[in-house]
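One structure is given below, encoded as C-alpha cells.
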Amino acid sequence: MPAAKGSVWEIGVEDVMAAGLPPEEARAFHVELRRLAGEGPREGAEAVVWRAVAESGLMLPDHPHVLHQLVYYSVYATWDRASRGPPPYWFPSSIQAEHSNLGKLMKLHGPKLLGPSYQDPVTSFNIFREFTVLHPEVYWSIVIKELSVVFHEAPKSVLDTSNNSKISGTWFPGAVLNIAECCLLPVESQNKTDETAAILWRNEGSDDSPINCLSLRELRDQVMLVANAIDKIFTKGDAIAIDMPMTCSAVIIYLAIILAGCVVVSIADSFAANEIAKRMEVAKAKGIFTQDFILRGERKFPLYSRVTEGTSCIAIVVPALDNDAGIQLRNHDLSWKDFLSLASSLPRPCNYHPVYQSADCVTNILFSSGTTGEPKAIPWTQISPIRCAADSWAHIDIQAGDICCWPTNLGWVMGPIMVYSCFLTGATLALYHGSPLGRGFGKFVQDAAVTMLGTVPSLVKYWKSSKCMEGLDWTKIRKFGSTGEASNIDDDLWLSSRASYRPIIECCGGTELSSSYILGSLLQPQAFAAFSGPSMATGLVILNEQGIPYPDDHPCTGEVGLFPLYMGATDRLLNADHKKVYFDGMPTYKGMNLRRHGDIIQRTVGNYYIVHGRADDTMNLGGIKTSSVEIERVCNGSDENVLETAAVTITSGFGGPEQLVVLVVLKNGSSAQCDPDSLRIKFQKAIQNNLNPLFKVSFVKVVPEFPRTASNKLLRRVLKEKLQQEYSKYSRL
C-alpha cells in the first residue's frame, strides 16, 4: 500500500518535501492543499475534498508520483469501500456534460422521450440509459444519424423481432451499404472534408521527425488503388487475411478488402506459424497480406517466414522499410510494389465502385479463444462497426476533430474498433509504427497532440515503473480508454495524473459483441479500476449460482447474463454452434432467453462494476484471451517428467493484469530431476513457440495432486483461489 496519512489534514510540509518538492515549493503546496481541504475533517467529505484538489490544478503532471499517492490515498484514507463502494476520482461538470456527444443528444431528445422526469444530462443519465434498454430501436435511430453511415438502400426499420427463430432479432433489415465507403466520405455535419487529417503516424526511430499526415482524400485514393489491385487476384466474397502490425498500410488494406466486397481475416502479428495456419484454415482464406519483418528499435523479427510456414496461400508482402532491399519470396507470392502495379494502367487518382451488400453480410472474421483449444471464428457484419463506433461516440466521447491513439493490432478486436470509431465519427486515427513500450511512443502522443489515448493496464504498469514518459506533455489528452484486462488502482492514478486528472473510461466487452457491455461514461463520476455501468441500450442481470438474477441495483457477485436484443452482437459462428455457445443453458428473464458472456462481475455499493475473471477458465494474458486448456496442452508436452499441469492466473492485492501460474504434478520419482525454475523456462519456451511469444509464465509450483470433481473434472477455480490467498498474504508482508 502506498504511503498515506490518516487523512489529508494530517499531511505536513515535511511529508510534501519527502515526496520530492523543494522546501519553498512544498510550503506553498501545503498552504494551498490546506485551503482546498477546508478547516478540518468532515464526515463524508472525502469526495468533495478530492474533487476540489484534483480540479484545482494544484497537483501537476510533472510532480513525483509519490506526491500524487500521498494526497490521493490520504484524502480517501477514511473511505470505507465495503459500505460506500469505490471512491470516485473524476466528476462530470454541467458544462462538460452538455458538450459531450451523449449530453447533446440527451439535451435535444431527453425532454420529449422522458417527459417531466428529464432534468439534465448528468442527473437523468441512468433514467435515459434505462429508456434505451426498453426502446433500443428509438436510441439507435437517433445515434446512427450522428455517425457517417450512408445507406445505399435504406433499412425498412431499425429492428425486426418478427422472426422467432432469431433470438437476437434482425437489425436494419433491408439495408444495403458498404461500411468501408462510409469511412471514406466527407461529412458536412462532422466538418469532415477531403482535406481533414484521416491518419497521423510516425515510425519508431524517427522520434524527432515531423508527424506524417494522410488526408481523407489521400486515404480514399490509396484505398481505391488497393481495391482495384485486389480485384485482379481475388473474387467478391473471398476471405483475405491481414497479418501485420497496425500501420497506415494495414489500415488502407483493411478498408480496401471490405470496399471490394471481400472479407478480412484478422490475425495478430504475434502468433506462431501453427496458430496462423489454424486461423487461415478455419476462415478458408484465399490469400494474406503480411510484412517482411516487424521492426522494434534496431531489431528485426521475421513475420513473412512465419506466414509461409503457416499457409501456402498467396502472400502479398509489404516492406517494413521503404528502402528495404526485400527478401526472397515464394514464386507465387507478390511484393507490395508488384501488387500495386496490377492497377498501374488505371488513371490517377483511380476510382472504385464500392461493392454494396446487405447490412448482415460478413466483412471481417476475428478470433476469440474459448476453452476447447480451438479459437472461435467470429464473423462481423456491416452492423458490427456501427455498434463499436456508436459506443465510442457515446461513452468515450470521441468527437469530430479528436486525435485518437490506441496501440493495438488488427488481429485483436480493438484494431477494427479504432478504425471505425475514428472514421465514422470524424476523428483522426493516430498510429505509431513501433513498440508502445518506449519513450518514442510517448513523444508521438505529445507531438501528435493526441486527445484520446487508449491503453492496456500492463502497458500502463510498464510506463509507470520504467519512468520512460517523464517530462512529456500529455495535457492535450481529454480522456483515456482502458481495456483488455483488469486495471490497477495505483497505475490508473499515475495515468490520470499525467493529463491533469482526465477520466479513464474502462471498457469490458468481447469480440462477439463488437463492443463493451459495461463501460465508463463522461456523464457519471468515475472510480479507478471500475466501470460505472452497462453500455447504452445494453440490458444485463447478474446471476447467482442457481442461475437466478439478483435484484437490479443490488450489490452482488455472479455471472453476467445479457439481454438478447444486443445491436451489433454476432448471430453466427463459423466453427461452432452459436446458439449452443451463447444461449443454451442460460435462464429466461422476463420472457427473454439471456445471452451468455462468461464474465464473473461484481456490482458494488454505489452501482460500480468490477470484473472478476471468466466463468469458463478462459484467462486474459496481456489483453489476449486464451484458454487454460491450450496453455496446459503445450506445457504437458514440454518435459517428459510432467504428468499434468493446471494453468491459472492471479493478480496482485491491488488488482491489475493477470499473472500466469502453472501448477505441476510430476510423474512418480521425478521430483529430484525437476525444479520449478527449470520447468518455468521450458514452459515459457514451449508457449512462445507454439502459442504466443507475448505470454509470460510468472512462476511454477509443483503440487502432489489436483482437486477434482466426482466426475474427475479439474477444479481450477479451487487452485486459483488458494494460490491467490497465498499470494495476497505474501504481498502484504
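Points worth noting:
- Test: PRO354 is buried (at least 16 other Cβ atoms within 10 Å of the Cβ), in contact (Cβ under 8 Å) with a residue 24 or more places away in the chain and assigned by TED's automatic domain parsing to the domain that holds ALA241: yes
- First in region 5-33 and surrounded by fewer than 12 Cβ atoms within 10 Å (Cβ to Cβ), second anywhere and assigned to a loop (DSSP other than H, G, I, E, B) and β-branched (Val, Ile, Thr), Cβ under 8 Å, 6 or more apart: GLY6/THR78
- Selection status of ALA283, within 28 Å of VAL634 (Cβ to Cβ) and in contact with a Gly (Cβ under 8 Å, 6 or more places away or on another chain): no
- Residue match in region 609-616 (condition: touching a residue at least 24 places away in the same chain (Cβ under 8 Å), surrounded by fewer than 19 Cβ atoms within 10 Å (Cβ to Cβ), closer than 23 Å to PHE528 by Cα and not assigned by TED's automatic domain parsing to the domain that holds LYS701): yes
- Pairing each residue of region 457-468 that is closer than 17 Å to ALA529 by Cα with any residue that is in a helix (DSSP H, G or I), provided the two are 6+ apart or on different chains, yields C-beta distances under 6 Å for VAL460/ASP491; VAL460/LEU495; LYS461/ASP491; LYS464/ASP491; LYS464/TRP494.
- Matching entry among LEU519, LEU540 (being more than 18 Å from MET59 (Cβ to Cβ), surrounded by 24 or more Cβ atoms within 10 Å (Cβ to Cβ) and in contact with a Cys (Cβ under 6 Å, 6 or more places away or on another chain)): LEU519
- Residue list for region 221-243, filter: assigned to a strand (DSSP E or B) and of a type in the set (Val, Ile, Thr): ILE240, ILE242
- Among residues of region 678-701 that are without any contact (Cβ under 8 Å) to a residue 60 or more places away in the chain, those with a beta-carbon under 6 Å from a residue that is among the aromatic types (Phe, Trp, Tyr) at least six positions away or on a different chain give the pairs ILE687/PHE695; VAL697/PHE683.
- Taking the criterion of being buried (at least 24 other Cβ atoms within 10 Å of the Cβ) and either over 17 Å from ILE505 (Cβ atoms) or of a type in the set (Gly, Ala, Ser) (or both), the residues of region 465-489 that qualify are GLY481, SER482, GLY484, SER487.
- Which listed residue, of SER157, SER141, SER168, SER162, is within 18 Å of PRO385 (Cα to Cα), assigned to a loop (DSSP other than H, G, I, E, B) and out of contact with any Gly (no Cβ under 6 Å at 6 or more places or on another chain): SER168
- Any hit, region 65-72, residues being closer than 15 Å to ARG502 by Cα and outside the structural domain of ASP473 (by TED's automatic domain parsing): yes
- Count of residues meeting criterion [closer than 28 Å to CYS182 by Cβ and either in a loop (DSSP other than H, G, I, E, B) or without any contact (Cβ under 8 Å) to a residue 60 or more places away in the chain (or both)] in region 129-138: 4
- Restricting attention to region 270-291, the residues being modelled with pLDDT under 95 and either outside the structural domain of VAL226 (by TED's automatic domain parsing) or within 19 Å of TRP336 (Cα to Cα) (or both) number 0.
- Just one of the numbered conditions (1) in the same structural domain as ALA54 (by TED's automatic domain parsing); (2) closer than 19 Å to SER532 by Cβ is not true of VAL75: (2).
- Looking only at region 426-464, and only at residues there that are more than 22 Å from SER500 (Cβ to Cβ) and small (Gly, Ala, Ser), the one that is surrounded by the most Cβ atoms within 10 Å (Cβ to Cβ): GLY426
- Some residue of region 373-390 being in a loop (DSSP other than H, G, I, E, B), of a type outside the set (Gly, Ala, Ser) and within 30 Å of ALA647 (Cβ to Cβ): yes
- Every condition in (1) closer than 26 Å to TYR352 by Cα; (2) in contact with a strand residue (DSSP E or B) (Cβ under 7 Å, 6 or more places away or on another chain); (3) among the charged types (D, E, K, R); (4) buried (at least 16 other Cβ atoms within 10 Å of the Cβ) holds for ARG220 except the one numbered (2).
- Region 514-559 - residue that is assigned to a loop (DSSP other than H, G, I, E, B) and polar (S, T, N, Q) and, of those, nearest to PRO86 (Cα to Cα): SER532
- Within region 108-128, tally of residues that are closer than 24 Å to MET452 by Cα and assigned to a helix (DSSP H, G or I): 1
- Given (1) out of contact with any helix residue (DSSP H, G or I) (no Cβ under 7 Å at 6 or more places or on another chain); (2) farther than 29 Å from LEU185 by Cβ; (3) not small (Gly, Ala, Ser), index of the condition ASP292 fails: (1)
- Residue count for region 279-313, restricted to those that are in a strand (DSSP E or B) and either buried (at least 18 other Cβ atoms within 10 Å of the Cβ) or in contact with a Pro (Cβ under 8 Å, 6 or more places away or on another chain) (or both): 8.
- Selected residue (only one of VAL49, VAL53, VAL75, VAL66 is farther than 21 Å from GLY20 by Cα, of a type in the set (A, V, I, L, M) and in contact (Cβ under 8 Å) with a residue 12 or more places away in the chain): VAL49
- Residue within region 403-413 that is within 30 Å of HIS99 (Cα to Cα), part of a helix (DSSP H, G or I), in contact with a Leu (Cβ under 9 Å, 6 or more places away or on another chain) and modelled with pLDDT of 95 or more present: no
- Contacts under 8 angstrom Cβ, first residue in region 402-427 being touching a residue at least 12 places away in the same chain (Cβ under 8 Å) and at positive phi, partner in a loop (DSSP other than H, G, I, E, B) and not β-branched (Val, Ile, Thr), 6 or more apart: GLY426/SER148; GLY426/ASN191; GLY426/GLN399; GLY426/ALA400; GLY426/GLY401
- Verdict on ALA499 being part of a loop (DSSP other than H, G, I, E, B), at pLDDT below 95 and in the same structural domain as ASP402 (by TED's automatic domain parsing): no
- Taking region 458-470 as the range and being assigned to a helix (DSSP H, G or I) and in contact with a helix residue (DSSP H, G or I) (Cβ under 6 Å, 6 or more places away or on another chain) as the test, the residues that pass are VAL460, LYS461, LYS464.
- Wholly enclosed strands (runs of 3 or more DSSP E) of region 620-733 bearing at least 1 residues closer than 21 Å to GLY484 by Cα and at pLDDT below 90: 624-627, 642-652, 655-666
- Looking only at region 420-456, and only at residues there that are part of a helix (DSSP H, G or I) and in contact with a helix residue (DSSP H, G or I) (Cβ under 6 Å, 6 or more places away or on another chain), the one that is farthest from SER482 (Cα to Cα): PHE423
The values are calculated or read from the model by the stated rules, or taken from the named source; none is laboratory data. Everything quoted here is computed from the prediction, not taken from an experiment. Reconstructed Cβ throughout: ideal geometry from the backbone, glycine too, with neighbour counts over all protein chains shown.
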